[in-house]
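Derivation of every value follows stated rules applied to the coordinates shown; laboratory data play no part. Being a predicted model, the structure only gives us computed values, none of them experimental. All Cβ positions, glycine included, derive from the backbone under ideal geometry; neighbour counts span all protein chains shown.
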Amino acid sequence: MEVVGYEAKRFVLRFNEGEELYGFKFDVNVLKNNDSEEWVEIFQADDCDGGTEANKLVLSAPLSEVVELLEKMLAFLRR
């Protein structure tokens, strides 16, 4: 797959559980190519604070498969 462009966005989830503060940082990249469907890569950072890069690969799959997975997750959560 030859990447000809991409879009990227960072998502941060923070919440309190009693006295504890938790956070998760995800970088989502949509890779565009000439050959096939767009591809999605989702990375998670070890640390939500500071300038830590999200470098732990969580998911790498075609866009349609990622959308289907997320829709199933939302349906489960909204039950």
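Among the numbered conditions (1) free of Cβ contacts under 8 Å to residues at least 24 places away in the same chain; (2) within 18 Å of the chain's Cα centre (by Cα); (3) not in a strand (DSSP E or B), the only one that Phe76 does not meet is (2).
Applying the condition of being under 23 Å from Gly5 (Cβ atoms) and of a type in the set (Ser, Thr, Tyr) to the range 22-79 and asking which residue is surrounded by the most Cβ atoms within 10 Å (Cβ to Cβ) yields Ser60.
For residues that are in a strand (DSSP E or B) and over 18 Å from the mean Cα position of the chain (by Cα), tally how many sit in the range 16-40. Talk me through it step by step, then tell me what you get.
Of the range 16-40, the ones in a strand (DSSP E or B) are 16-17, 20-33, 39-40.
So of that shortlist, the ones also over 18 Å from the mean Cα position of the chain (by Cα) come out as 16-17, 20-21, 33.
Qualifying residue count for the region: 5.
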